[in-house]
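Notes follow once the structure below has been shown.
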Amino acid sequence: MKAPRRLVVGSGGLTLLVLACLIGPVLLPDAGDGDPRHAALLPPGTRVTVLELADGRTLVSPKVSRDAETISVHGKRGTTVVPLDEVASERETRLWLGSDRFGRDVLPRLLRGGRISLAIAFLGVAVALFVGVGVGLAAATGGRVADALLMRLVDALLAFPLLILLMLVAALFRPGPALLVAILGLSSWMGLARIVRGQVLSLRSRTFIQAAQVAGTRPLRIWTLHYIPNLRGPLAQDTALRMGDLVLAEATLSFLGLGIPPNLPSWGSMIADGQRVMLDGWWLSVFPGLAIAALVISLALIGDGLQQIGEGSG
């Protein structure tokens, strides 16, 4: 069966984003963290001179002049004169996405932030899959009492607004990346549990399941050999959509200051930083926002494509 166009486009977009975040910081030159007096809020495409000083400082500026003994680094907030013998290295580069209010190159920060956002969403989905599949299988095969208790628990958790729950827990515990993964995963498994339960209940009447039960096959073996392989399609579709939801959830928490710590870049915190200087540095919020939109749209297209495949094979 030919792959749907949505699946191809979504997979291509997701692959490009992942590769850019993984290998982009290695391949692209980084202007470093320049002195804000000279490099703060430079617009996208600005060509700058990067001076590495002997004392470890980095000076970045689009305007540099020199004479026989000194180099003058000019900026909006003043000029720094540096003796030539204090300059360890000098190079030119381009700030493709501009610089932030602290003089930092936005592009490598955007790519490093993408690593963090993608890793948190991926690991959060893995936690949700582990819990959701386990609860769904236990509810469908554990008898009426287990089914009733587990599904009432799922209904109760689904009735509570997810974002409010995430904000409450994040405000109480001030999570780092590991705890944020646990919070996102443990707050998003309920829909997966319902999907698994429904699929398993429909499979229980199939001949191969009944034959395995009559043959005395252990329940755990039936799960691994029969139920889980038949759940791959629905789970793959839901996982793609759920990962997009977790990307948005992590970005929302980081935007509100309840997610990733400020010393680590993430797309949500970068949007929050850019909001403070939107009139002077529109690019600080626009580019992380576009990255989030591209990732979520790619995942949505993958989910739609997998759904088309499932409907076609059904």
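Taking amide hydrogens as placed 1.01 Å from N in the peptide plane, the amide H of Arg57 sits under 5 Å from that of no residue at least 5 positions away in sequence or on another chain. Taking a ≥ b ≥ c as the square roots of the eigenvalues of the alpha-carbon gyration tensor, segment 68-182 is classed prolate because a/c is 1.5 or more and a/b outweighs b/c. Remark: Asp280, Asp33, Asp55 ranked as Asp55, Asp280, Asp33, counting other beta-carbon atoms within 10 Å and listing the fewest first. Helices assigned as whole DSSP H runs in the chain whose Cα atoms extend at least 24 Å along their own long axis and whose mean Kyte-Doolittle hydropathy is 1.6 or higher are found at 5-27, 106-141. Exposure proxy ranking for Thr93, Thr239, Thr79, based on other Cβ atoms within 10 angstrom of each Cβ and starting from the fewest, stands as Thr79, Thr93, Thr239.
Farthest toward the positive end of the dipole of the chain, out of Ile292, Gly134, Leu41, is the Cα of Gly134, where the dipole comes from beta carbon charges about the Cα centre.
Calculated from the structure at hand, volume of the Cα convex hull per residue in Å³ is found among (1) 145; (2) 131; (3) 162 as (3). Listed by Cβ neighbour count within 10 Å, with the fewest neighbours leading, Ser11, Ser65 appear as Ser65, Ser11. Contact order, relative form, for the chain: 23 percent (alpha carbon pairs under 8 Å, 6 or more residues apart, mean separation divided by residue count).
Coordinate-derived values only; no laboratory data. Since the model is a prediction, treat every value here as computed from it, not as a measurement. Cβ: placed from backbone, ideal geometry, glycine included. Neighbour counts: every protein chain shown.
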